[in-house]
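The block underneath contains the structure these notes are about, expressed in structure tokens.
The values are calculated or read from the model by the stated rules, or taken from the named source; none is laboratory data. Keep in mind that what you see is a predicted model, and the values were worked out from it rather than measured. Here Cβ is always computed from backbone atoms with ideal geometry, including for glycine, and neighbour counts include all displayed protein chains. For the accessible areas, the whole protein counts, side chains as well, though only heavy atoms, and no ligand, DNA or RNA atoms are used. Shrake-Rupley method; radii C 1.70, N 1.55, O 1.52, S 1.80 Å.
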Amino acid sequence: MELLPRSPGEFGSARYWDRFFRQRGQRPFEWYGAFPELCPVLHKYMRPRDKVLVVGCGNSELSEQMYDVGMCEDIINIDISDAVIRQMQERSGSRRPKMSYLLMDMLQMDFPDAHFQVVLDKGTLDALLTDEEEATIAKVDQMFAEISRVLQVGGRYVCVSLAQAHVLKKAVEYFSQEGWVVRVHQVASNGDKQQFVLPVFVYVMTKFRKIPGSAPQILEICPEEQDKPMRMESVERLVAAVKDRQHYALLCRQISKTPCREQVSLDLCDKESGKPRYTLHVVDSPSVKPSRDNHFAIFIIPQGRETEWLFGTEEGRRQLAASAGFGRLLTVALHREQHYEGMASIQAELSAKVMELAPPGLPARQQVPFLSVGGDIGVRTVRHCDTSPLSGEYVVEDVKGDGSCYFRRLIFLRNRNVVQSEARLLAPTPLPGQKKRRKDKKKPSPAEPPVAIDKSYLCCEHHKAMVAGLCLLGGPDALPGELAVLVVGLGGGSLPLFVHDYFSQARVAVVEIDPSMLEVATHWFGFSQGDRMQVHVSDGLDYVAKLAAEAPAQYDAIMFDVDSKDLMVGMSCPPPAFVEKPFLQKVKSILKPEGVFVLNLVCRDTRLKESVLATLRDVFPLLYARCIEGEVNEILFCQPSPEGRRDPAELGARARALEGALRQPGQSWDSSYVLADMLQAVHIL
């Protein structure tokens with residue numbers, strides 16, 4: 001039996017619906033939205049004394065169910081199909097005397113103006129608005145005009161819909177422009193029993209008298225998990241919010257049926273502000289043999305540690321899931337703009353939502369464990385936030401790492417998962433003669449980290465490799481004498497500070513294009529200028545070009561650690577202009593013949609990376625590379641003369657000698673930092 005129309009236009013044809021209901025017989029037909037699911041929304045907008053009009057009623061049981069539970073009884077149902085009206089009159093006439101069924105076209109209704117308090121539409125608008133052709137839009141406008149005419153001021157047009165974008169947009173635009181209040185409810189789903197994959201929505205348009213002029217539009221959405229509506233600033237934003245929920249429903253349906261081949265990422269937003277509160281990654285481990293207790297687990301990433309390789313990369317999360325031993329691991333990252341009470345409150349907040357992302361085959365009533373590192377949610381304290389015209393929004397924050405270590409980080413919010421600069425913090429030491437109190441009733445807050453910067457510690461592995469590259473400098477002495485070093489890119493200043501402090505005769509010039517970064521480095525990362533350390537606020541391209549024109553061959557080492565502001569390019573460090581051949585030739589011209597040019601390259605585009613390496617080889621005859629494990633960074637050591645070539649054994653010997661010379665009496669040295677280790681994986685390109 002063929003019930004589907006031959007074309008979408010037949011949905012508006014009385015002949016089609018007569019044929020449909022004759023062939024279907026007495027069986028009720030519900031497009032979507034069963035009464036138990038719709039009831040919590042409908043009862044908010046219908047009172048027992050209301051006069052209700054149901055347009056396009058079909059043979060749905062919705063009106064009968066509303067009548068039978070006492071929601072309302074004064075109900076008039078209309079439809080253009082004579083067959084279904086006669087069927088429904090026979091089915092309900094004697095049992096529900098206050099409810100009637102009339103053969104009527106909703107585009108030309110016979111009712112007087114302002115006759116109803118509620119007009120209810122379940123799927124009729126969806127059936128009519130099948131396309132955006134001019135004739136279809138004209139019918140919809142006529143439908144809306146008739147609904148508006150028969151509704152009283154303060155009355156509600158309640159429309160049950162699948163909320164296709166063009167349907168929702170048309171309805172919201174029409175009624176909001178008429179001055180009506182628009183609210184969209186998402187109907188709570190009934191799990192696997194729901195007929196449609198897409199969620200069902202209810203539009204509630206409340207009629208107000210149109211105010212002359214430009215009155216503000218009131219547009220709201222009520223997600224299924226909350227009663228309090230969220231205000232939307234525009235029709236476009238409301239449509240986008242509905243679309244987000246539709247995509248989420250499709251995702252949940254998909255991953256509940258089959259394992260994820262690729263990691264799935266999504267944000268859960270704060271109910272009040274609408275800003276992201278949690279970032280979730282769904283990671284499936286096919287290698288884990290399923291048992292009753294290892295199907296599913298939730299892993300809360302401690303605050304501030306979401307940028308670490310284990311938590312911030314696909315490969316790291318895959319390794320985490322495999323080592324945890326669960327078939328599906330859901331990692332949860334916490335956002336810095338949000339406040340969290342603790343693990344228990346997060347678990348209570350997420351328990352229902354995460355079960356929507358459960359894997360196939362999860363046993364009923366299975367307890368799902370919440371995991372973390374050390375059992376807590378970590379510590380994050382935002383110390384400073386501001387906006388730079390060049391770098392955009394940024395924050396300086398203190399976070400707790402492993403054990404009792406704290407770190408200070410600079411984060412550019414345009415790329416919030418990348419640590420721009422990092423420094424380890426030290427606990428303040430008592431001044432000479434200052435005694436430590438034995439008993440202090442007030443215990444120090446665990447969220448109050450130490451404040452002194454440990455300038456001897458390089459947090460970034462690529463900085464360690466860059467410093468190790470100074471072993472390539474010529475000369476018989478392990479520790480070079482007077483050094484002229486140019487660093488392009490300041491950040492928090494840890495790289496130039498380390499060179500300044502440990503190479504006691506080095507004169508360091510730093511070029512930084514963003515004056516805000518100089519303020520950040522000075523006030524928050526312990527950076528300072530002096531006789532041997534000078535910062536030039538300038539574009540690195542212009543500064544190098546000026547040096548090349550004035551005084552070539554003056555630097556022993558040149559280091560580029562400068563990020564790109566253009567996130568559309570597949571290379572985030574350095575900007576493409578810094579690796580163009582004419583500019584690299586200028587870099588070479590200001591480098592001494594036995595010097596070294598050290599470049600931090602972060603490039604995900606394979607072809608672009610090959611092009612950059614080819615250009616570097618054209619300019620510099622000798623090129624070494626050092627990949628940073630677990631990161632995209634690759635440190636390139638470029639020398640202007642092939643005569644300086646050294647084999648790995650010689651590099652290791654020079655590195656050990658240099659490290660021994662740098663470990664000066666009375667000066668701290670991080671024991672995990674071994675220069676020779678940094679050069680073990682160096683290879684010549």
The summed charge of the residue 98 Cβ neighbourhood (under 9 Å; Lys/Arg +1, Asp/Glu -1) stands at -1
What length, rounded to one decimal in nm, is gained on full extension from residue 349 through to residue 516, with 0.36 nm per residue of separation minus their alpha-carbon distance?
-> 56.3 nm
Average Cα contact separation per residue, the chain, under 8 Å, 6 or more apart, as relative contact order % | 6 percent
When ligands, DNA and RNA are left out and all protein chains stay put, how many square angstrom of accessible area per residue does the chain have with a 1.4 Å probe?
-> 48 Å²
For residue 337 paired with residue 536, estimate the spin-label separation in nm (one decimal), with each label point 7 Å from Cα along the Cα-to-Cβ line.
-> 3.9 nm
Quantify how much of the Cα-Cα distance distribution of the stretch 112-251 extends past 21 Å, in percent.
-> 42 percent
Neighbourhood charge, 10 Å Cβ-Cβ cut-off, centred on residue 206 and excluding it, Lys, Arg +1 and Asp, Glu -1 = +3
How big is Rg to Rh over the stretch 271-320, alpha-carbon atoms, Rh as the Kirkwood inverse-mean-distance radius?
-> 1.05
What is the dipole size for the chain, taken about its Cα centre, with +1 at each Lys and Arg Cβ and -1 at each Asp and Glu Cβ, in debye to the nearest 20?
-> 1780 debye
Expected sort for 231-244, 398-411 on mean C-beta neighbours within 10 Å, highest first, is 398-411, 231-244
Counting DSSP beta bridges with both ends in the stretch 279-404, the antiparallel % (nearest 5) = 65 percent
Which aspartates and glutamates, on any chain, are close to residue 592 with Cα under 14 Å apart, when same-chain ones fewer than 8 places away are left out?
-> 482, 556, 643
Per-peptide average of other Cβ atoms within 10 Å, ordering 495-502, 151-158 highest first | 495-502, 151-158
Roughly what percent of Cα-Cα pairs across the chain reach past 33 Å?
-> 62 percent
Do the alpha carbons of any pairs in 546/586; 170/207; 44/169; 455/588; 546/588 sit beyond 19 Å of each other, and which pairs?
-> 44/169; 455/588
For residue 418, what charge total do you get from the other residues with a beta carbon under 12 Å from its beta carbon, if Lys and Arg give +1 and Asp and Glu give -1?
-> -2
Taking only the Cα positions of the stretch 258-362, the convex hull volume per residue in Å³ is 105 Å³
Among 276-286, 316-326, 384-394, what's the highest-first ranking by average C-beta atoms within 10 angstrom per residue?
-> 276-286, 316-326, 384-394
Rounded to the nearest 5, what is the percent of antiparallel bridges among the DSSP beta bridges in the stretch 459-684?
-> 45 percent
Dimensions (Å) - the stretch 459-684, Cα atoms, principal axes, largest first = 46, 41, 39
Tell me what the chain gives for mean residue ellipticity at 222 nm when only DSSP H runs of n ≥ 4 count, each as -39,500 (n - 2.57), the sum divided by the residue total, rounded to 500 deg cm²/dmol.
-> -9000 deg cm²/dmol
Exposure ranking of 524, 180, 309 by accessible area [1.4 Å probe, largest first] | 309, 524, 180
Hey, got the dipole for the stretch 104-159? About the Cα centre, +1 on K and R Cβ, -1 on D and E Cβ, debye to the nearest 20?
-> 380 debye
Where both partners of a DSSP beta bridge lie in the chain, what percent of those bridges are antiparallel, to the nearest 5?
-> 55 percent
